[in-house]
Structures are given as structure tokens and as C-alpha cells.
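To keep things clear, I will list the structure first and then write my remarks on it.
The values are calculated or read from the model by the stated rules, or taken from the named source; none is laboratory data. If you're wondering where the values come from, they're calculated on a predicted model, not measured in any experiment. In this analysis, Cβ positions are derived from the backbone assuming ideal geometry, glycine residues included, and neighbour counts consider all displayed protein chains.
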């Protein structure tokens, strides 16, 4: 629904509504990541438009909210940036010339950001905070991090949390519920899901392997 406009419509059956507000600052970050001039980035107004990718991101945000944000702030930020990038790619106004961004993170930049992640795995790590630690913009960090390590920053954090949880499980000094919190997961079942996805094993099987 374009800003400043109003319209009525009627539903014959029950339906669900997800309202997503996209701040201009997020659109500018996405434009910068895409190599466009953020000062000239804009979107064409659409009303009653159907876009499966927008729906997919919207439902992912809704699921994250219903689950009390198990994947953390950086996951929500990544979804928001993905939405802004998709809208800019398909509904831009006006179009901006591309600017090449060929570089990757330097050795010192990569060391700073990965060391910060390791030191704060048990906390809700923010993309903006990581960008300040690294000394680049948030949009540049997303692109440069993936280009440098081959995975998105939020996926890298999940992988590091899984590795920390695995190491703690092998020690056998703490219950699994405490290990989940110490490794940065929202709860024990969240740790189990991520561990199965990343390692293909369960926390129980790792604990049993100590014998």
C-alpha cells in the first residue's frame, strides 16, 4: 500500500495479514550494497501487487516474531535487507548506475569481526554493531563477509554457535539446556535444530559419543 494512500476491500473468508514497515534507511543500505547511489534510491508505488518473494520474506518475519525471535536480531536485519534489495531490483524508481564493489574484507577487518563474534556468541549480535567493529557500513559488511568466507554472516554465527555447543557437550560438564544458552541459542530445541542442520547429528548423540 503506497504511503499516504487509503483503500477499503472486503474478504469473503478468513485471512491472515502481515504488516511490514520498511524504513527508508534500510532501502538506502540495500541500495549501497547493490552498488547504487543510496541518495537516489527509490521505489515505484504498488497497490494490490502479488509478489511471491515479498510474501516469502513477510511470512518468515512473521514466523520469527511468533517464535519470539529464536534466530536473533541479525537474522531479522538480514530479512529486512533482503526485502529492500528485492524491491529495489524489481520496483526501482529511479534506476541508478551500478558501482563495482570488488574487494573482500582485509585480514585485519576479518580478524576483528570474527573475534567479536566469538566473544559475543552468547548474545544477540547486531549486524550494525559488527559493521562498526569492522569499520564498514552494514550493507558492505553483508556483501564483503559472504565474499570473504563464502557464507552469510548470520549463517556463520549459527555455525560457530553449533561448534561451541558441540565442544561443551563433549566436555559433559553442563546440562544441555545450559549449553544452549551459553552457545547463544534461544533454547535447547533451537540448538538441536541447528545442530542437525549443520552437523547432521543431535546433541544427544554427541553427548553419548563421549563414552
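Observations
- Listed conditions (1) without any contact (Cβ under 8 Å) to a residue 24 or more places away in the chain; (2) crowded, with 20+ Cβ neighbours inside 10 Å are all met by residue 191, apart from (1).
- Scanning the stretch 152-188 for residues that are without any contact (Cβ under 8 Å) to a residue 24 or more places away in the chain, surrounded by fewer than 17 Cβ atoms within 10 Å (Cβ to Cβ) and over 24 Å from the mean Cα position of the chain (by Cα) yields a count of 7.
- Flag for residue 115 being at pLDDT 95 or above and either surrounded by fewer than 21 Cβ atoms within 10 Å (Cβ to Cβ) or in the same structural domain as residue 55 (by TED's automatic domain parsing) (or both): yes
- Residue check for residue 5: in a helix (DSSP H, G or I) and at pLDDT below 85: no
The rows are residues; the columns are (1) out of contact with any helix residue (DSSP H, G or I) (no Cβ under 8 Å at 6 or more places or on another chain); (2) over 17 Å from residue 30 (Cβ atoms); (3) not assigned by TED's automatic domain parsing to the domain that holds residue 29.
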position: 49; (1), (2), (3): yes, yes, no
position: 72; (1), (2), (3): no, yes, no
position: 84; (1), (2), (3): no, no, no
position: 91; (1), (2), (3): yes, no, no
position: 107; (1), (2), (3): yes, yes, yes
position: 121; (1), (2), (3): no, yes, yes
position: 127; (1), (2), (3): no, no, yes
